[in-house]
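Below: the structure, in structure tokens.
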Amino acid sequence: MTEATMTAKERVLRTLKGEKVTPVPCFSGVGNVTTKGLEKLGYRFADLHNDAQKMAEAAMTSWELFGYECVVIPFDLCLEAEALGCVMNPYAETEELLYPTIKEKSKLTTEQLRAAATPELLKKGRIPLVIEAARIVREKVGDQVAIGSYVLGPFTLGGQINELEVILKGSLKKPEEMKEYLDALADVIILVGNHLLQNGIDYISVREMGATSDVLSPRVFKKVIFPALKKVADNMASPNILHICGSVLPVIDMMAECGYSALSIDSKTPMKEAREKTGEKTVILGNFNPFATLNTGDAEGAYNVAAQCVRDGVNGVHPGCDIWPTAKPENLEAMMKAVRETSV
Amino acid sequence: MALDSAKKEELLKRLAQGVVEFEDDEVREAAQEWVDTGEDTYDAIFDGLVSGMEEVGKLFSAQEYFVPEMLMAADSLYIGLDILKPQMKPRDSGVKGAVVIGTVQGDVHDIGKNIVKMMFDVAGFNVYDLGRDVPLEDFLKKQLETNSDIVCLSAMMTTTMMGMPKVIEMIRAKNPNCKIMIGGAPITDDIVGKFGADATAKDASNALEEAVKMVVSLREIQKEANAKS
Ligand code: B12
């Protein structure tokens, strides 16, 4: 099949297999619904999280409106935490659009997590709802575009279900205990990730932004975080993407060593240096600052930023973190155009 | 046992070093020894504990220390503070007062806010910590209830930051004399002006260092006020 006739889904899945695709795909493994998309549907952001139909429709809008090459569900970071007994706040009452957060933490211990990591867990919270949403999306888009979803990394998930301060200090003070804890969380993540991949999700991101080198020393990363991230990579089906935003240059070699299909980084990690440290084989997605580029910047700037990512040698153009919904439509269009028009 | 200058130097060093190396026991013992002399603990807090925290700030900026190290040092500082504070002679400088602090609605990033709060604790303020993800009206409610001098708003996201001007407007309408300080990674001097706040910590990227600077300047104001009195 020639590249001209490749579907967006093939372009993304081939990229994640390490094949060179020209032009590179422009997609992400994290949230990308826009207020433009919501307006078109007449939905409020807060109404999407607990409704499979609305979630599915909203998730498809960036693909439909801008040709963004993915459909990603859900939109918040609470899926596994909820299944583990936490309570989410969707901000249904607030006027402004806000990303949901955890308002009550279940504070499960290592033993409780071990006990929770059974297939029973997969019936809890909104896990079935996300799978239903994936089914609805598939019905609509068929094999045109890949459906992505995500799980949190062990450390970041730990910070959702427990007080992050306790986990941060534990990583330094009681590394052995913390390794056990993250190991138990890894089992939960593997379970949920594989379940999603077996039920209509085409690729999955593991979002471990809590363990960025802005927060944790490379020493702690190596000793405490790396073993759990490696366990996830070893036991979760592919394609999978390890996403850590913030500056991760000091640990990018370890991220590569974990063995994920691809790494995703943001603008705080310079692409050229990242490439030098990981080598040509590592698939790297990135690496622009979504808010500055798509929300506050203009179309020309967005074009240049996206084109620069391609020239810097990313295997896929991917916003650092979530695209914030109020992103300007003309900026998204410029980003897509730049990626189509730029080659290395 | 009296506190001669050699002993004083030794204890100050142990307090500062104890914070830098997060040696809780060392800080606890040194603080207790100081308290046992019956002397005023003002210097122990500022030239011991806080000077240790300033060093931690430098190590953080130099990327030798990271967030866990900073949190552990803060814990050690609090251990010392709990022992020393009851014996600190009140300074009748005008700066001591009450602060309402919290991270605005929609935002759960509270590590930075907690560090800022610690500095107010050290400086002897009455701190009312509303926590994170605080509904915007709650800042006003607490300010009115406590008649605090300062309200501190923290936000780490460009998006949640947009809640700040709403809080500022609410407070200004009811209590124009209240000082409002805003901070967090997306806050710049420009934004302070735009939102109508009174101040921010100068360089948010320099995380701890900036918060420490705030206390240092507070300390200077305190000193000045003391010198005048
Ligand atoms: C840790 C972290 C988290 C943790 C937070 C846990 C917690 N309990 O705090 C978790 C993993 C839960 C998290 C989640 C998310 N995060 Co986050 N997170 C961070 C991270 C890595 C570090 C923040 C931190 O603690 N720094 C250390 C402290 C010491 O520094 P500080 O907060 O800046 O505080 C200092 C100063 O700012 C100042 N200061 C702070 N407050 C105040 C107040 C006053 C009055 C004053 C004077 C000064 C002051 O003094 C402090 C001490 O020195 C930053 C990236 C970064 N490097 O900053 C992203 C970051 C803040 N997160 C971000 C995002 C987008 C998110 C998420 C939406 C998910 C995502 N896509 O990654 C969710 C949203 C959660 C929510 N709704 O709030 C973005 C924000 C982008 C933006 N500009 O809008 C950042 C910048 C990452 C990025 N590069 O995109 N995150």
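The values are calculated or read from the model by the stated rules, or taken from the named source; none is laboratory data. Being a predicted model, the structure only gives us computed values, none of them experimental. Because the Cβ atoms are built from the backbone with ideal geometry, glycine has one as well, and the counts that use them run over all protein chains shown. Protein only, heavy atoms only, side chains kept; ligands, DNA and RNA dropped before computing areas. Shrake-Rupley method; radii C 1.70, N 1.55, O 1.52, S 1.80 Å.
State all residues of the stretch B:166-180 that are within 15 Å of the ligand (Cβ to nearest atom) and surrounded by 16 or more Cβ atoms within 10 Å (Cβ to Cβ); if no residue qualifies, say none.
Within the stretch B:166-180, B:Val167, B:Ile168, B:Ile171, B:Cys178, B:Ile180 meet the criteria.
Considering only residues of the stretch B:117-129 that are open to solvent by 50 Å² or more (accessible area, probe 1.4 Å) and in contact with a Lys or Arg (Cβ under 8 Å, 6 or more places away or on another chain), which is nearest to the other protein chains (Cβ to nearest Cβ)?
Looking at the filtered set, the residue picked out is B:Asp129.
Which count do you get for residues in the stretch B:135-160 that are within 12 Å of the ligand (Cβ to nearest atom) and either within 14 Å of chain A (Cβ to nearest Cβ) or more than 30 Å from B:Pro86 (Cα to Cα) (or both)? Explain how you work it out, then say what you get.
As a first pass, look at the stretch B:135-160 and keep what is within 12 Å of the ligand (Cβ to nearest atom): B:139, B:150-160.
So of that shortlist, the ones also either within 14 Å of chain A (Cβ to nearest Cβ) or more than 30 Å from B:Pro86 (Cα to Cα) (or both) come out as B:155-160.
Counting residues in the stretch B:135-160 that are within 12 Å of the ligand (Cβ to nearest atom) and either within 14 Å of chain A (Cβ to nearest Cβ) or more than 30 Å from B:Pro86 (Cα to Cα) (or both) gives 6.
Mind checking which pairs have a first residue in the stretch A:258-283 that is without any contact (Cβ under 8 Å) to a residue 24 or more places away in the chain and a second that is crowded, with 21+ Cβ neighbours inside 10 Å, Cβ under 6 Å, 6 or more apart or different chains?
That search, which allows pairs on different chains as well, returns A:Leu263/A:Leu242; A:Leu263/A:Met255; A:Leu263/A:Ile284; A:Thr269/A:Val248.
Any residue that is of a type in the set (D, E, K, R) and closer than 25 Å to A:Leu38 by Cα - is there at least one of those in the stretch A:140-154?
Yes, there is a match, as at least one residue in the stretch A:140-154 is of a type in the set (D, E, K, R) and closer than 25 Å to A:Leu38 by Cα.
Consider A:Glu180 carefully, then state whether it is closer than 22 Å to B:Gly112 by Cβ, in contact (Cβ under 8 Å) with a residue 12 or more places away in the chain and touching a helix residue (DSSP H, G or I) at 6+ places or on another chain (Cβ under 6 Å).
So A:Glu180 fails the test.
Residue-wise test of (1) touching a Cys at 6+ places or on another chain (Cβ under 7 Å); (2) more than 20 Å from B:Met119 (Cβ to Cβ); (3) not assigned by TED's automatic domain parsing to the domain that holds B:Gly124; (4) not polar (S, T, N, Q).
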residue: B:Phe22; (1), (2), (3), (4): no, no, yes, yes
residue: B:Asp25; (1), (2), (3), (4): no, yes, yes, yes
residue: B:Asp40; (1), (2), (3), (4): no, yes, yes, yes
residue: B:Ala44; (1), (2), (3), (4): no, no, yes, yes
residue: B:Glu55; (1), (2), (3), (4): no, no, yes, yes
residue: B:Ser61; (1), (2), (3), (4): no, no, yes, no
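Among the residues of the stretch A:121-137, is there at least one that is within 14 Å of chain B (Cβ to nearest Cβ) and either open to solvent by less than 30 Å² (accessible area, probe 1.4 Å) or more than 16 Å from the ligand (Cβ to nearest atom) (or both)?
The answer is no, given that none of the residues of the stretch A:121-137 is within 14 Å of chain B (Cβ to nearest Cβ) and either open to solvent by less than 30 Å² (accessible area, probe 1.4 Å) or more than 16 Å from the ligand (Cβ to nearest atom) (or both).
For the stretch B:181-190: of the residues being among the β-branched types (Val, Ile, Thr) and surrounded by 17 or more Cβ atoms within 10 Å (Cβ to Cβ), which is farthest from the chain's Cα centre (by Cα)?
B:Ile187
Here is a check on your reading of the model: is A:Ile241 within 16 Å of the ligand (Cβ to nearest atom) and open to solvent by less than 20 Å² (accessible area, probe 1.4 Å)?
So A:Ile241 passes the test.
Name the residues in the stretch A:191-220 that are open to solvent by less than 20 Å² (accessible area, probe 1.4 Å) and more than 14 Å from chain B (Cβ to nearest Cβ), would you?
Within the stretch A:191-220, A:Val192, A:Gly193, A:Leu196, A:Ile201, A:Tyr203, A:Ile204, A:Ser205, A:Val206, A:Arg207, A:Glu208 qualify.
What about A:Thr34, is it free of Cβ contacts under 8 Å to residues at least 60 places away in the same chain and under 23 Å from A:Asn289 (Cα atoms)?
Values: free of Cβ contacts under 8 Å to residues at least 60 places away in the same chain: no; under 23 Å from A:Asn289 (Cα atoms): yes.
So A:Thr34 fails the test.
Restricting attention to the stretch A:138-168, and to residues there that are assigned to a loop (DSSP other than H, G, I, E, B) and open to solvent by less than 10 Å² (accessible area, probe 1.4 Å), which single residue is nearest to the ligand (Cβ to nearest atom)?
Of everything passing the filter in the stretch A:138-168, A:Gly153 is nearest to the ligand (Cβ to nearest atom).
Can we say A:Gly210 is within 16 Å of the ligand (Cβ to nearest atom), in a loop (DSSP other than H, G, I, E, B) and within 17 Å of the chain's Cα centre (by Cα)?
Values: within 16 Å of the ligand (Cβ to nearest atom): yes; in a loop (DSSP other than H, G, I, E, B): no; within 17 Å of the chain's Cα centre (by Cα): yes.
Spelling it out, it is not the case that A:Gly210 is within 16 Å of the ligand (Cβ to nearest atom), in a loop (DSSP other than H, G, I, E, B) and within 17 Å of the chain's Cα centre (by Cα).
So which residues in the stretch B:192-211 are open to solvent by 30 Å² or more (accessible area, probe 1.4 Å), at pLDDT 75 or above and within 8 Å of the ligand (Cβ to nearest atom)?
Scanning the stretch B:192-211 gives a single hit, B:Ala199.
Table: residues versus (1) in a helix (DSSP H, G or I); (2) within 14 Å of another protein chain (Cβ to nearest Cβ); (3) open to solvent by 10 Å² or more (accessible area, probe 1.4 Å); (4) within 12 Å of the ligand (Cβ to nearest atom).
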site: A:Glu257; (1), (2), (3), (4): yes, no, yes, no
site: A:Lys272; (1), (2), (3), (4): yes, no, yes, no
site: A:Thr282; (1), (2), (3), (4): no, no, yes, no
site: A:Phe291; (1), (2), (3), (4): yes, yes, yes, yes
site: A:Gly301; (1), (2), (3), (4): yes, no, yes, no
site: A:His318; (1), (2), (3), (4): no, no, no, no
site: A:Pro325; (1), (2), (3), (4): no, yes, no, yes
site: A:Glu330; (1), (2), (3), (4): yes, no, yes, no
